[in-house]
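The values are calculated or read from the model by the stated rules, or taken from the named source; none is laboratory data. Computed from a predicted model, the values in this text were never measured in an experiment. So basically every Cβ, Gly included, is an ideal-geometry build from the backbone, and we count neighbours across all protein chains shown.
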Amino acid sequence: MSETRQVIIQATNVKKTYHDNGVPVQAVRGISLTIYQGDFLVIAGPSGSGKTTLLNMLGALDPPTEGEVIFEGEPLYTKTRKQLADLRLEKIGFVFQAYNLIPVLSALENVEFPMMLKGIPEKERRQRAQAILTDLGIGDLAHKRPNEMSGGQQQRVAVARAIGNNPTVVLADEPTANLDSVTGNALLDLMERMNREKHITFVFSSHDPKVIQRARRLVRLRDGVIVEEEVQK
Amino acid sequence: MKIGWRNLWRNKRRTVVTIAAITFATAVFMFTRGMQYGTYEVNIREITRLFSGPLQIQHRDYQDTPNLFHSFVLSDSLVQQVTTVPGVRAVTPRVYTEGLIAFNHNSMGVTLIAVDPRTEPQVTTIHQKIKQGTFLQPGHRWEIVAGEKLLKNLNAAVGDTVVLLTQGFDGSMGNMKFTIVGSLRTGARELDQFGVFMALPDAWELLTMAGRVHALVVDVDNLKRLYATQKALQKRLQKTPLVVLNWEELLPEFKQGMELDNLSGLLFLVLLVIVVAFGILNTLLMSITERFREFGIMLSVGMTNERLAVVVFWEGIFLMLIGLLLGVSIAGVVNYYVQLHPIVFGGELAKISEEYGFLPVLSNTVEPRVWIQTIVSIGSISLLALVYPLFKVLHLEPLKGLRYT
């Protein structure tokens with residue numbers, strides 16, 4: 001790993017404590033991690049190891065209880081709620097385990113949604129969204145609603161939505177968890193291609209071996225701490 | 001707006017129920033308010049046309065101290081002065097006093113009302129309320145028309161001769177024999193039980209007050225311009241000891257009755273509006289809470305809470321507009337129909353109505369103030385019901401939304 005690569009996110013000794021019915025639960029116990037431009041990084045670990053919590057803290061969704069997250073050189077959680085929303089809109093794409101598409105919108109409109117929030121004119125965003133869907137092999141499903149699509153198709157739409165605004169980084173939380181192995185592999189092929197061709201940085205949280213095998217950087221978590229970090233390819 | 005509109009139809013049943021609640025409230029509000037205003041209008045029109053007239057010119061002290069001396073001379077020039085004021089349609093003179101009526105061994109206190117049989121029908125409808133016999137005829141002397149209940153209590157009938165006894169203008173006691181030529185049924189208790197009508201010349205002789213009257217009853221072209229006409233008349237009569245009183249000043253108890261009825265109607269409407277507000281609030285909250293996860297997605301991909309609140313606001317606005325539109329459309333048709341075909345009721349309801357000085361009739365109206373009050377009231381309360389759901393949306397955190405089950 002070249003240390004001269006541009007740093008996108010730097011987490012320093014981040015900790016997160018939740019309160020479950022008044023009982024404090026330490027989900028992340030002090031993690032320092034740097035994400036570089038072009039990374040294809042997998043945060044692996046068993047359930048409850050703190051993967052999703054870490055991903056949320058990196059993605060401007062959940063402030064750490066302690067520690068600091070720097071995004072492109074600026075502290076993340078000193079920003080206002082609106083600034084954080086703008087940052088998510090401009091710089092971060094999310095892919096969730098449960099697809100999390102907006103059910104009342106068609107595939108095309110779901111992909112357009114962040115573009116619309118960004119203020120891209122309707123004609124332009126429609127063309128862009130259609131082009132992305134076509135690129136991801138689901139151009140013919142543009143006018144289908146999420147409930148008319150399979151899980152794999154929905155997750156492709158979720159990827160299309162995540163990359164629609166040309167984000168700096170895509171954070172994918174267990175993206176293959178609800179997919180069969182063929183569909184999961186196809187989706188990973190797609191994201192690898194995006195990473196390779198469009199230089200989009202991907203950070204996954206997963207315990208799926210398919211995903212872990214593809215990682216170029218692998219970070220293993222257990223009980224809220226990093227237990228292993230390796231560069232696989 | 002687009003997302004707000006689509007969200008409405010995701011749960012059709014919930015949307016239909018909410019719209020139905022708003023529609024129902026709007027229609028009931030507009031119908032009730034319209035019925036109040038419409039019925040008041042009919043009562044004011046009919047009651048003033050029946051007897052009091054919309055305006056009366058009186059001696060300035062008569063209203064507070066009604067007696068024979070607080071009268072004025074009826075002159076052609078005075079009538080000319082009054083009838084040439086713009087808005088005045090017709091005038092008729094009157095004399096009022098108290099007296100005693102006697103028939104066989106029965107006698108009773110009565111209100112004597114002397115009218116001009118030629119001009120009275122141009123101003124009031126009292127001549128149309130004859131139950132039996134005829135109304136007073138011009139030129140006929142020593143005839144009276146009396147209330148139906150009065151005749152019943154007196155055991156007298158049309159054609160009988162009665163004696164009227166009263167104090168005259170000069171202090172003497174006047175008494176004369178009169179023939180009953182007609183009985184009246186007006187629906188107004190004071191006239192039906194105590195009213196005796198006679199011609200002015202007979203009253204002037206009985207009361208020794210030739211040429212003097214207590215009131216000039218004035219009818220106007222347009223009731224909506226009543227106060228302007230009253231003001232113009234008062235200005236015309238400013239150098240005289242006469243005052244111009246409108247129906248509200250002439251019939252204060254009737255006015256108070258209407259105000260009381262209006263208040264109780266408003267109270268009912270306030271309760272209705274509060275119930276509807278909670279209904280709307282409940283539906284909106286349910287609709288928002290069950291979409292917390294979806295809202296979480298929107299927030300996580302970069303939507304701000306403020307923009308999300310705008311989506312929810314539009315949903316509320318669409319619900320409100322559809323409900324209001326349907327409600328005012330339904331009520332508009334019903335109100336107009338009832339205005340054209342007033343509901344006349346009888347039996348106990350009619351008696352109760354008469355007890356309170358109202359006609360036993362329910363009418364309605366489609367005048368602008370009914371539409372405006374309905375739209376403003378239901379619109380405001382619907383907007384108010386949106387405040388808490390919007391507050392929840394404005395404070396929703398993306399992760400809490402995403403994790404909501």
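Numbers for the structure displayed
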{"read-out": "Condition broken by B:Lys235, with the remaining ones in (1) exposed (fewer than 15 other Cβ atoms within 10 Å of the Cβ); (2) farther than 30 Å from B:Ser75 by Cα; (3) more than 14 Å from every other protein chain (Cβ to nearest Cβ) satisfied", "value": "(2)"}
{"read-out": "Positions within the stretch A:148-163 being within 13 Å of chain B (Cβ to nearest Cβ) and charged (D, E, K, R), in sequence order", "value": "A:Arg161"}
{"read-out": "Test for B:Asn262: is it at pLDDT 85 or above, over 27 Å from B:Val91 (Cα atoms) and surrounded by 14 or more Cβ atoms within 10 Å (Cβ to Cβ)", "value": "yes"}
{"read-out": "Wholly enclosed helices (runs of 4 or more DSSP H) of the stretch B:1-106 bearing at least 1 residues within 26 Å of the chain's Cα centre (by Cα)", "value": "B:12-47"}
{"read-out": "Filter result (under 19 Å from B:Pro86 (Cβ atoms) and among the polar types (S, T, N, Q)) within the stretch B:241-266", "value": "B:Asn246"}
{"read-out": "Matching residues in the stretch B:107-145 - criterion: being basic (Lys, Arg) and either touching a helix residue (DSSP H, G or I) at 6+ places or on another chain (Cβ under 9 Å) or crowded, with 17+ Cβ neighbours inside 10 Å (or both)", "value": "B:Lys129, B:Lys131, B:Arg141"}
{"read-out": "Subset tally (residues that are surrounded by 17 or more Cβ atoms within 10 Å (Cβ to Cβ) and part of a loop (DSSP other than H, G, I, E, B)) for the stretch A:144-176", "value": "8"}
{"read-out": "Residue under evaluation A:Leu117, criteria (1) touching a Leu at 6+ places or on another chain (Cβ under 8 Å); (2) at pLDDT below 90, criterion not met", "value": "(2)"}
{"read-out": "Checklist (1) within 14 Å of chain B (Cβ to nearest Cβ); (2) in contact with an Asp or Glu (Cβ under 9 Å, 6 or more places away or on another chain) applied to A:Gly48, failing item", "value": "(1)"}
{"read-out": "Filter result for B:Leu326 (in a helix (DSSP H, G or I), closer than 30 Å to B:Thr39 by Cβ and modelled with pLDDT of 85 or more)", "value": "yes"}
{"read-out": "Filter result for A:Ala131 (facing chain B (nearest Cβ under 9 Å), at pLDDT 90 or above and either part of a helix (DSSP H, G or I) or more than 20 Å from the chain's Cα centre (by Cα) (or both))", "value": "no"}
{"read-out": "Subset tally (residues that are surrounded by fewer than 19 Cβ atoms within 10 Å (Cβ to Cβ), in contact with a Leu (Cβ under 8 Å, 6 or more places away or on another chain) and within 25 Å of B:Ala27 (Cα to Cα)) for the stretch B:355-403", "value": "3"}
{"read-out": "Positions within the stretch A:60-86 being at the interface with chain B (Cβ under 8 Å from one of its Cβ atoms) and crowded, with 20+ Cβ neighbours inside 10 Å, in sequence order", "value": "A:Leu61, A:Asp62, A:Ala85"}
{"read-out": "Filter result (within 7 Å of chain B (Cβ to nearest Cβ), buried (at least 23 other Cβ atoms within 10 Å of the Cβ) and in contact (Cβ under 8 Å) with a residue 60 or more places away in the chain) within the stretch A:88-108", "value": "A:Phe94"}
{"read-out": "Candidate set from the stretch B:281-329 (those that are away from chain A (no Cβ under 11 Å) and aromatic (Phe, Trp, Tyr)); member that is nearest to B:Gly379 (Cα to Cα)", "value": "B:Phe318"}
